[in-house]
1. Given the structure, is ASP63 out of contact with any strand residue (DSSP E or B) (no Cβ under 6 Å at 6 or more places or on another chain) and touching a residue at least 12 places away in the same chain (Cβ under 8 Å)?
2. Does LYS180 count as surrounded by fewer than 17 Cβ atoms within 10 Å (Cβ to Cβ), more than 30 Å from LYS50 (Cα to Cα) and under 18 Å from the mean Cα position of the chain (by Cα)?
3. Tell me, which strands (runs of 3 or more DSSP E) wholly within the range 76-176 include 2 or more residues that are more than 25 Å from GLY40 (Cβ to Cβ) and more than 14 Å from the chain's Cα centre (by Cα)?
4. Quick one: which residue in ALA76, ALA37 is farther than 30 Å from GLU178 by Cβ, without any contact (Cβ under 8 Å) to a residue 40 or more places away in the chain and surrounded by 23 or more Cβ atoms within 10 Å (Cβ to Cβ)?
5. Could you run through the range 156-176 and say how many residues are surrounded by fewer than 17 Cβ atoms within 10 Å (Cβ to Cβ) and basic (Lys, Arg)?
6. For GLU86, only one of the following conditions fails: (1) surrounded by 18 or more Cβ atoms within 10 Å (Cβ to Cβ); (2) in contact with a Cys (Cβ under 9 Å, 6 or more places away or on another chain). What is its number?
7. Please find, within the range 49-71, the residue that is farthest from GLU86 (Cα to Cα) out of those that are surrounded by 22 or more Cβ atoms within 10 Å (Cβ to Cβ) and of a type in the set (A, V, I, L, M).
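Derivation of every value follows stated rules applied to the coordinates shown; laboratory data play no part. Small disclaimer: the values here were computed from a predicted structure and weren't measured. We place every Cβ from the backbone using ideal geometry, glycine too, and count neighbours over all the protein chains shown.
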Amino acid sequence: MMKIGVLGAGQMGLGIAQTAAQSGFSVLLADQSLSHAQKGRDRIASQLQKLCDKGKLAVADKDAALASISPVAGIADLKDCEFVVEAVSENPDLKFKLFRELDAAVRPDAILATNTSSISITKIAAQTKRPGKVAGIHFMNPVPIMKLVEGIRGIQTTDETFKQVRAISEMMGKTFVEAKDFPGFAVNRILMPMINEAVYALYEGVASVEDIDAAMKLGTNQPMGPLTLADFIGLDTCLAIMNVLHEGLGDSKYRPCPLLKNYVAAGWLGRKSGKGFYSYDAQ
């Protein structure tokens with residue numbers, strides 16, 4: 001089995017690790033510490049058990065997937081991986097730092113991929129001595145359910161690296177689309193301004209939270225309204241991506257709504273904090 005490293009045991013990292021394990025890969029899961037990684041594996045076990053309880057997954061398949069996931073203490077333990085996916089928060093400085101560390105620790109022939117949803121792949125690759133082996137592999141949330149992977153090559157990414165990124169994505173059962181290395185790529189270049197405009201509509205009193213979401217669900221056949229989706233993604237993540245779009249493209253149409261900034265400043269981040277545009281039970 002190909003050995004895949006996943007750096008980050010948050011929502012996205014765990015989804016990637018689970019999907020990779022269920023697809024037959026051997027997965028090393030790393031975070032800030034071994035205990036963080038172990039807690040992440042426990043959360044995956046809980047998700048897999050729910051699938052078993054609903055009759056959507058055989059117990060033997062659950063056990064096999066869990067046996068394929070090994071929590072490790074940190075980046076140094078990913079040294080023998082053939083492919084590593086970084087899935088930490090959308091913070092350029094943090095990602096740059098981690099890619100320098102990955103480059104120093106992981107075998108030189110390994111591909112280093114980032115799950116960034118908006119940050120330049122070219123800039124991330126430039127932090128390493130193997131820029132040709134760095135690419136973007138943007139999974140959608142929740143990873144085990146959503147079919148899309150958005151692949152992005154930096155200016156340095158080789159054809160062979162990108163071919164392997166596509167192949168691994170498809171081995172995980174995903175549909176692979178290629179986007180150019182522009183701020184936000186394709187998905188968030190389109191999605192985030194829509195969410196931001198929905199926040200502006202609320203900010204300006206055009207309609208209530210509930211009516212904005214109902215209008216977009218029933219009027220445009222979206223599965224969930226933009227404000228519900230923002231809460232699901234995390235308002236801090238939405239703001240971070242809007243900042244990348246605004247700064248990277250220099251167009252005022254990408255200016256983050258002041259209400260979005262205020263919610264993030266207040267700690268109202270959506271589902272993960274218990275309050276965003278809606279209120280939620282403690283997570």
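1. So ASP63 fails the test.
2. yes
3. Once the strands (runs of 3 or more DSSP E) in the range 76-176 are filtered for at least 2 residues that are more than 25 Å from GLY40 (Cβ to Cβ) and more than 14 Å from the chain's Cα centre (by Cα), nothing remains.
4. After ruling out the rest, the residue left standing is ALA37.
5. 1
6. Failing condition for GLU86: (2).
7. If we take residues in the range 49-71 being surrounded by 22 or more Cβ atoms within 10 Å (Cβ to Cβ) and of a type in the set (A, V, I, L, M), then ALA65 is farthest from GLU86 (Cα to Cα).
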